[in-house]
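The values are calculated or read from the model by the stated rules, or taken from the named source; none is laboratory data. Given the structure is predicted, the values throughout are model-derived calculations rather than measurements. So basically every Cβ, Gly included, is an ideal-geometry build from the backbone, and we count neighbours across all protein chains shown.
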Amino acid sequence: MSNEQNIRRPSPKGDASGWEDFKRFFLRGLAALLPPLLTIAVVVWAYRVLDEYVGQHVTRGLIGVCARTMGEPQFGAPDDALTYGTPIEEWRADGRRLTVEHKIINHSALRSAEQVIRKRAEAARNHAKWQIVFAKYKLNIIGFLVAIIFVYFMGVFLASLIGRTTWRMAESALFRIPVIGTIYPSFKQVTDFVLSERKLEFSGVVAVEYPRKGLWSVGLRTGPPMASIAKAAGKELVTVFIPSSPTPVTGYVITVPRQDTIDLALTIDEALRFTISGGVIKPPQELIERRGDNELPGKG
């Protein structure tokens, strides 16, 4: 027997098994890490948006107010940080380069306006030194806190009759603007579903033959039907929300006879997990045990 025949070659089956193990464990780890990572990403994104569009503007305003009302700060900004009477273009604070757009005009350029120039130079100096103070002591967080307070009082205002009316008028104007009127409603639906206080209240999980007889869908019973529909039908009806898979924030609302629905012993979370997973994730009590050719409901 030749040496080539004595060499053991790895079986393709073994290679396939190793790849399947890697894929299974990789997907399991990915499924465990994605939810917290995505949650952190959304929180960080929300913080950056609030800080960029509100907080930073509030901080700039606070720096301007401090520079005008309190003069030169007596702490946090050393005297050698800036030199009076020289052009101020840029400076460093905590290793971070910050720019000041205002340049101090040469005093000898306009002797008749020396006092005005000196005041402008002093204002620029004070403003720059207050920027140093805010950067050194991390006072930029004040702007973010003010932004949070602003959002809170915005919510208080919108809770009033005047606020709701004003906001409805503003949204009506947005709906009529081309392009914006197409994009805005979609974002509004998502934010209303996630952040609205009036959450959808489901009274139970049911199975209903939808979209046709013989096809069963899992739905969430929302409550009684519209009065006009109930009167026309002349029987007990229920309203059911059929969530879409894998995004249950969208779906269909149907009204069916109460007798055509089957109550399921599932929680709302279990029903949503079933929908999001495409029917893969089932609660223990709904698992089917396979014994030979027989299929029996699991005992949980």
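The table for this structure:
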{"quantity": "Residue within the stretch 275-294 that is modelled with pLDDT of 90 or more and either closer than 19 Å to K213 by Cα or among the basic types (K, R) (or both) present", "calculated": "no"}
{"quantity": "Tabulated pairs, the stretch 256-279, first on the phi > 0 side of the Ramachandran plot, second surrounded by 13 or more Cβ atoms within 10 Å (Cβ to Cβ), C-beta under 9 angstrom, 6+ apart or interchain", "calculated": "G278/S245; G279/V218; G279/S245"}
{"quantity": "Residue count, the stretch 128-144 (criterion: part of a helix (DSSP H, G or I), at pLDDT below 85, surrounded by fewer than 21 Cβ atoms within 10 Å (Cβ to Cβ) and not β-branched (V, I, T))", "calculated": "2"}
{"quantity": "All helices (runs of 4 or more DSSP H) inside the stretch 1-87 with 1 or more residues being closer than 30 Å to G143 by Cβ and at pLDDT 80 or above", "calculated": "12-50, 56-69"}
{"quantity": "Answer residue from the stretch 44-63, given it is among the hydrophobic types (A, V, I, L, M, F, W, C) and without any contact (Cβ under 8 Å) to a residue 40 or more places away in the chain and is nearest to H127 (Cα to Cα) among those", "calculated": "V49"}
{"quantity": "Residues (modelled with pLDDT of 85 or more and assigned to a loop (DSSP other than H, G, I, E, B)) located in the stretch 196-225", "calculated": "Y210, P211, R212, K213, G214, L215, P224, P225"}
{"quantity": "In the stretch 165-195, residue modelled with the lowest pLDDT [restricted to those that are exposed (fewer than 11 other Cβ atoms within 10 Å of the Cβ) and in a loop (DSSP other than H, G, I, E, B)]", "calculated": "V179"}
{"quantity": "Some residue of the stretch 204-222 being loosely packed, with under 12 Cβ neighbours inside 10 Å and β-branched (V, I, T)", "calculated": "no"}
{"quantity": "Subset of the stretch 251-265 (residues that are at pLDDT below 90 and touching a helix residue (DSSP H, G or I) at 6+ places or on another chain (Cβ under 9 Å))", "calculated": "G251, A265"}
